[in-house]
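Asker: Please find one structure pasted underneath; my questions will follow.
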Amino acid sequence: MTVYKAPVRDINFVINELLDFNAHYQTIPSGAEATPDMIEAITAEAAKFAEEVLAPLNQSGDDQGCQWDDGVVTTPDGFKEAYQMWIEGGWQGLSHPVEYGGQGLPMSMGLIKSELVGTANWSWGMYPGLSLGAMNTLYVHGTEEQKQLYLTKLCEGTWTGTMCLTEAHCGSDLGQMRCKADPQDDGSYKIDGTKIFISAGEHDFAENIIHIVLARTPGAPEGTKGISLFIVPKFNTSEDGTITDRNGVKCGSIEHKMGIHGNATCVMNFDSATGYMLGKENEGLNAMFTFMNTARIGTAIQGLAASELAYQNALPYALDRYSMRSLSGVKNPEKVADAIIHHPDVRRMLLTAKAFAEGGRAMIYDAAKYSDRMVHADSQEDRDAAENELGFLTPILKAFLTETGLESASNAMQVFGGHGFIKEHGMEQIYRDARIATLYEGTTGIQAMDLIGRKVVLDSFKLYGSFCKKLYKFGFKNLISGKRRGYSAKLIGYTLSWNWHTVKMVARASKNRDAVGAASYDFLMYSGYLSMAYYWAMMAEVAAAKLAEGSSDKDFYEGKLETAEFYFSRLLPRAKGHAACMNSSTDSVMAMPLDRFTTR
């Protein structure tokens, strides 16, 4: 089975030395309590919970899976008890306002908790993770009465939440959605329809489940402009939150999936279920993006988690598995063969996972600052600015980190050889669990189109330009005075190339609209490699400075520099291939007539 040790040293490096969370917290009201000692204590307790409670349930939960019986879902042994410990620890409301039962700490503090939980046991972590999205949506779009009734219970953890978007006939094209919401005389609505792929839609953790549901009111405009958002509880309640009767919502079945077996992926049937509008009529999709962006950042964490867990488990195997002699000479003369970590290709796979995990952590934790700024903005203008900045980064984080997480999981299986393909060591579970991350909350292709289409072209390059300026500013500053100037030079060069290829691609698209679609995946992956290069350049500067100061933690900082060198030498050059594909002929993708796809 897999083992997990919380990477507390690296987390502390990112939040304290690289991103200076302490200075950031001085700028937001909720940051006053988030002192370095408080952060350290919370991280240590979350690490303990992840290592001792959740990690041991990861493989057993996968083996047992969830069980469905006439609408009732039973989670794997130990899952419910772990959730009760979660509630008792007050973890669910860590980053939500005190007036609704939370602890009032910054949103970014919750991210640390989410990484530790998700890496230890992703299937279990999805239950409180989905609740977090419901909580954020209610906090931003709910009325005060809705917050007092639902958000307080969700912060307690005694109720959980879901996101109900997808229907069988429309998938990600929500404009085709058919779920109906008929208004009632008392101001409520009757919700009818079926939703699929609803993670944590039914389970035995909590006394109530609050579904956040997209549906159409009578006479609503066609397409996405006619979608509204509704709160639909599993059990109806009185105004004080006392549960009364069962609502007209039931789990019709659960999916039999490739991975994440410990989480119930449900078909949810709404049969004249009582619901309450959340936000404004026909503006449900905009409100739901609050939830979806929370989920997408959460999914980016899954990519990081896959890389981290894959690395942690492949490394000890590579140290202890002996096979063949090293090409450069005998390394373990007392053995009949050398440890496989001495083989260059094994090191390549290990360093790839290490670079993606540590680079991904820096990317996500920095993005979390925008969440703090959104929540605590002094004006709508500042809130919109923070949301837009985060919105630009979200498709890169979600798609790039899940693709690289899947690669890391695949490489870890390869390190184990044939043993990676069997269940005993847990490598194949990491891969199976990680595979869904590139699909849900919008596939990689959908994220790519969102990035280039909505966040670059339709935005008239404003957010794109702002991001480029940040890269140039860092690059030119450290090209002059930095300790790792070569990395800054590469960062500048790759950013210039990104700009050139992007302009060429958009120019081609003015004559051929398919040019953007054909280039979108490569544009996103280039964006990801470039973004991670920025953070590895930052980490290298910090590590080099610490070594120059004579830090006693020499091995840690030397390891950072060596991993940075691997990233810039072996991984960043992949972006050049994506650049070449980005501006290759659109005909190579679109010219083949449909009937030739079948002539084989």
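Asker: Counting only residues that are more than 28 Å from Gln26 (Cα to Cα) and among the hydroxyl-bearing types (Ser, Thr, Tyr), which one in the stretch 108-130 is surrounded by the most Cβ atoms within 10 Å (Cβ to Cβ)?
Answerer: The extreme case among them is Thr119.
Asker: Among the candidates Ser584, Ser551, Ser588, single out the residue that is hydroxyl-bearing (Ser, Thr, Tyr) and more than 24 Å from Trp500 (Cβ to Cβ). Quick ask: steps written out before the conclusion?
Answerer: Details: Ser584 fails: more than 24 Å from Trp500 (Cβ to Cβ); Ser588 fails: more than 24 Å from Trp500 (Cβ to Cβ).
Criteria check complete, one pass: Ser551.
Here's the yes/no breakdown for (1) modelled with pLDDT of 95 or more; (2) surrounded by fewer than 17 Cβ atoms within 10 Å (Cβ to Cβ):
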position	(1), (2)
Tyr529	yes, no
Glu558	yes, yes
Tyr567	yes, no
Leu594	no, yes
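Asker: Oh, and also: What pairs come out if I take residues in the stretch 428-444 that are more than 20 Å from Ala310 (Cα to Cα) and pair them with residues that are part of a helix (DSSP H, G or I) and of a type outside the set (D, E, K, R) whose C-beta lies under 7 Å away, six or more apart or interchain?
Answerer: Tyr440/Thr299; Glu441/Met292; Glu441/Ala295; Glu441/Thr299; Thr444/Ala399; Thr444/Thr438; Thr444/Tyr521
Matching residues to (1) touching a helix residue (DSSP H, G or I) at 6+ places or on another chain (Cβ under 8 Å); (2) under 26 Å from Ser371 (Cα atoms); (3) of a type outside the set (A, V, I, L, M):
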position: Ser114; (1), (2), (3): yes, yes, yes
position: Thr137; (1), (2), (3): yes, yes, yes
position: Thr143; (1), (2), (3): no, yes, yes
position: Thr152; (1), (2), (3): yes, yes, yes
position: His169; (1), (2), (3): yes, no, yes
position: Ser172; (1), (2), (3): yes, yes, yes
position: Met177; (1), (2), (3): no, no, no
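Asker: Okay, moving on. Can you confirm whether Pro29 is open to solvent by 70 Å² or more (accessible area, probe 1.4 Å) and modelled with pLDDT under 95? Show your work before the answer.
Answerer: Values: open to solvent by 70 Å² or more (accessible area, probe 1.4 Å): yes; modelled with pLDDT under 95: yes.
Judged against the criteria, Pro29 is a match.
Asker: Can you tell me which of Ala537, Ala519 is out of contact with any Cys (no Cβ under 8 Å at 6 or more places or on another chain) and either open to solvent by less than 10 Å² (accessible area, probe 1.4 Å) or over 26 Å from Ala579 (Cβ atoms) (or both)?
Answerer: Values: Ala519 fails: out of contact with any Cys (no Cβ under 8 Å at 6 or more places or on another chain).
The conditions single out Ala537.
Asker: Tally the residues that are open to solvent by 10 Å² or more (accessible area, probe 1.4 Å) and either among the acidic types (Asp, Glu) or in a loop (DSSP other than H, G, I, E, B) (or both), restricting the search to the stretch 218-228.
Answerer: To start, the set of residues in the stretch 218-228 that are open to solvent by 10 Å² or more (accessible area, probe 1.4 Å) comprises 218-225.
In the following step, the residues that additionally are either among the acidic types (Asp, Glu) or in a loop (DSSP other than H, G, I, E, B) (or both) were identified as 218-222.
Count: 5.
Asker: Let me ask another. If Thr43 satisfies all but one of (1) among the β-branched types (Val, Ile, Thr); (2) surrounded by 15 or more Cβ atoms within 10 Å (Cβ to Cβ); (3) within 19 Å of Val375 (Cα to Cα), what's the number of the condition it fails?
Answerer: (3) is the only condition that Thr43 fails.
Asker: Give, as residue ranges, the strands (runs of 3 or more DSSP E) completely inside the stretch 229-320 that count at least 1 residues that are open to solvent by less than 30 Å² (accessible area, probe 1.4 Å). Spell out how you get there, then give the answer.
Answerer: Numbers: elements: 235-237, 243-246, 249-254, 265-277.
Answer list for the stretch 229-320: 235-237, 249-254, 265-277.
Asker: Still on this structure, I have one more. Show the residue pairs meeting these rules: Cβ distance below 7 Å; 6+ apart or different chains; first residue within the stretch 227-245 and closer than 28 Å to Thr166 by Cα; second residue outside any strand (DSSP E or B) and among the β-branched types (Val, Ile, Thr).
Answerer: These pairs meet every condition: Ser228/Thr217.
Asker: Something else: Could you please let me know if Ile396 is buried (at least 21 other Cβ atoms within 10 Å of the Cβ), more than 19 Å from Ser531 (Cβ to Cβ) and of a type outside the set (Gly, Ala, Ser)? Before you say what the answer is, go through the steps one by one.
Answerer: Working: buried (at least 21 other Cβ atoms within 10 Å of the Cβ): yes; more than 19 Å from Ser531 (Cβ to Cβ): no; of a type outside the set (Gly, Ala, Ser): yes.
Answer is no for this residue.
Asker: Then there's this: Which one of these does Gly486 not meet: (1) surrounded by 14 or more Cβ atoms within 10 Å (Cβ to Cβ); (2) assigned to a helix (DSSP H, G or I)?
Answerer: Of everything listed in (1) surrounded by 14 or more Cβ atoms within 10 Å (Cβ to Cβ); (2) assigned to a helix (DSSP H, G or I), Gly486 misses just condition (1).
Condition check ((1) at pLDDT 95 or above; (2) assigned to a helix (DSSP H, G or I); (3) within 30 Å of Tyr317 (Cα to Cα); (4) under 17 Å from the mean Cα position of the chain (by Cα)) across all residues:
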| position | (1), (2), (3), (4) |
| --- | --- |
| Met363 | yes, yes, yes, yes |
| Tyr370 | no, yes, no, yes |
| Glu381 | no, yes, no, no |
| Ala385 | no, yes, no, no |
| Leu390 | no, yes, no, yes |
| Glu403 | yes, yes, yes, yes |
| Gly420 | yes, yes, yes, no |
| Ile430 | yes, yes, yes, yes |
| Tyr464 | yes, yes, no, no |
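The values are calculated or read from the model by the stated rules, or taken from the named source; none is laboratory data. Just so it is clear, the structure is predicted and the values come from calculations on it, not from any experiment. Here Cβ is always computed from backbone atoms with ideal geometry, including for glycine, and neighbour counts include all displayed protein chains. Areas reflect the complete protein model, heavy atoms only, side chains present, ligands, DNA and RNA absent. Shrake-Rupley method; radii C 1.70, N 1.55, O 1.52, S 1.80 Å.
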